[in-house]
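K.L.:
Following this message is one structure expressed as structure tokens.
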Amino acid sequence: MERIGERLRNSTPPASVFIIFIVVWEVLVRALNIPRFLLPPPTAILNAFFDTSTVIFESAFYTLRSALIGFAVGCGAGIMVAFATARWVTIREGVMPLAIAVNSVPIIAFAPLMNSWFGSTNPLSKVAIVALITFFPTMINTVRGLTLVEPAKIELLHSYATSQLEVLLKARIPNALPYMFNAFKVCSTLSLIGAIVSEYFGGPRQSLGVYILQEAQLFRFTNAWAAIAIAALQGMGFYLIILLIERRLIPWHVSLER
């Protein structure tokens, strides 16, 4: 009960800030007579959501599916490559600078290329973009976690004549888990951003990115904002799921003690 009460107290400030933000947004938009095509009030967005909820949920599910598949493929491939990169120094010295350089490039610029390779309405083009976006942060963070182990821990395990596999299981992987979850939390939002933005360059009508683009072009801005709000909620929900899994798997980590 004490932990529940503490969590409720910790969640009160952000919830209060969010409510105040929504109220100020509503009041200012109406008081200043801001045109709705620039910024509609929250109540208008909520009404638009109820009017178009069926279409929005269908589009949101399609985009979320592409984001989740791309997230799984990108993060999974990043972890596998990271283990190989961390194992052999020669590969690490050659791959890491390249990975950091490629990670600094806006991967979303490859969306038109992916559409031409797989087809603009093919879900594989969106999955490929999400996989590219999530691959490099996961790989880089996992390599750091596997390699940045305290030398004293490695020396202690070697003093007990432990094998390389035991060192990996008892020292390197536990040390890498916080780094990996940091990457997962970043990639949870990047995956949805990548999926939605890639749909701006072409996609099926039931996708969230195409829906937002079409509604904005038809000057139905409240509908577009309602879809944007759903996308934001999806991103926050995905992030919270990763956070909960992290708390279950590595409750011993110092960042989770608060």
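Taken together, the values in this text are just the output of simple stated rules run on the coordinates, not laboratory data. Because the structure is predicted, anything quoted here is derived from the model rather than measured. Note that we place each Cβ from the backbone using ideal geometry, even for glycine, and neighbour counts take in every protein chain shown.
K.L.:
Let me know the charge dipole size of the chain about its Cα centre in debye, to the nearest 20, where only the beta-carbon of Lys, Arg (+1) and Asp, Glu (-1) is charged.
P.N.:
Working: 19 positive and 13 negative charges, 29 e Å.
The dipole of the chain has a size of about 140 debye.
K.L.:
Hey, fewest Cβ within 10 Å first, where do Leu208, Leu39 land in order?
P.N.:
Sorted ascending by nearby Cβ count, the order is Leu39, Leu208.
K.L.:
With unit charges on the beta carbon (Lys/Arg positive, Asp/Glu negative), name the residue among Ala60, Trp225, Val73 whose Cα is farthest towards the positive pole of the charge dipole of the chain.
P.N.:
The residue sitting most towards the positive pole is Val73.
K.L.:
Oh, and also: Which residue fluctuates the most in the chain, going by a Gaussian network model with Cα springs under 10 Å, if the choices are Glu26, Glu150, Glu199?
P.N.:
Looking only at Glu26, Glu150, Glu199, the biggest GNM fluctuation is shown by Glu150.
K.L.:
While we're on this one: Starting with the fewest neighbours, write out Arg172, Arg36, Arg248 ranked by other beta-carbon atoms found within 10 Å of each beta-carbon. Display every interim value, and only then the final one.
P.N.:
On the way: Arg172 21, Arg36 15, Arg248 8.
Fewest-to-most ranking of Arg172, Arg36, Arg248: Arg248, Arg36, Arg172.
K.L.:
Once all Cα-Cα distances of region 53-256 are split into 10 Å bins that start at 0, what whole-number percent is in each one?
P.N.:
9, 30, 30, 18, 9, 3, 1, 0
K.L.:
Still on this model: What is the fewest-to-most order of Tyr160, Tyr200 by other Cβ atoms lying within 10 Å of their Cβ?
P.N.:
Values: Tyr160 7, Tyr200 14.
Ordered from fewest to most neighbouring Cβ atoms within 10 Å, Tyr160, Tyr200 come out as Tyr160, Tyr200.
K.L.:
Using Cα-Cα distances under 8 Å and only pairs 6 or more residues apart, what relative contact order does region 53-256 have, in percent?
P.N.:
Values: 259 pairs, mean separation 57.8, N = 204.
It comes to 28 percent, rounded to a whole number.
K.L.:
Compute, for region 93-234, the length of the dipole vector about the Cα centre, with Cβ point charges of +1 (Lys, Arg) and -1 (Asp, Glu) only. Units Debye, rounded to 20. Don't skip to the answer; put the middle values down first.
P.N.:
Working: 8 positive and 6 negative charges, 48 e Å.
Rounded to the nearest 20 debye, it is 240 debye.
K.L.:
As I understand it, the dipole of region 53-256 uses +1 on the Cβ of Lys and Arg and -1 on the Cβ of Asp and Glu, about the Cα centre. Which of Ser104, Phe184, Leu244 lies farthest toward its positive end?
P.N.:
My answer, from the dipole projection, is Leu244.
K.L.:
Same structure, new question: Straight distance only, please: which lysines reach the Cα of Lys153 with their own Cα at less than 19 Å, same-chain residues fewer than 8 apart left out?
P.N.:
Reachable lysines: Lys170.
K.L.:
What's the local net charge at Met180, with K and R +1, D and E -1, over the other residues with C-beta under 15 Å away? Don't jump to the answer; show the numbers that get you there.
P.N.:
Working: positive: Arg144, Arg172, Lys185, Arg247, Arg248; negative: Glu246.
So the surrounding residues net to +4.
K.L.:
In deg cm²/dmol and to the nearest 500, what is the mean residue ellipticity at 222 nm of the chain if only DSSP H runs of at least 4 residues count, each as -39500 (n - 2.57), divided by the residue total?
P.N.:
Values: 11 runs with 203 residues, N = 258.
Calculated from helices alone, the mean residue ellipticity at 222 nm is -27000 deg cm²/dmol.
K.L.:
Further question: With unit charges on the beta carbons (Lys and Arg positive, Asp and Glu negative) and the dipole taken about the Cα centre of region 53-256, which residue among Ala195, Gly119, Ala161 sits farthest to the positive side?
P.N.:
Ala161
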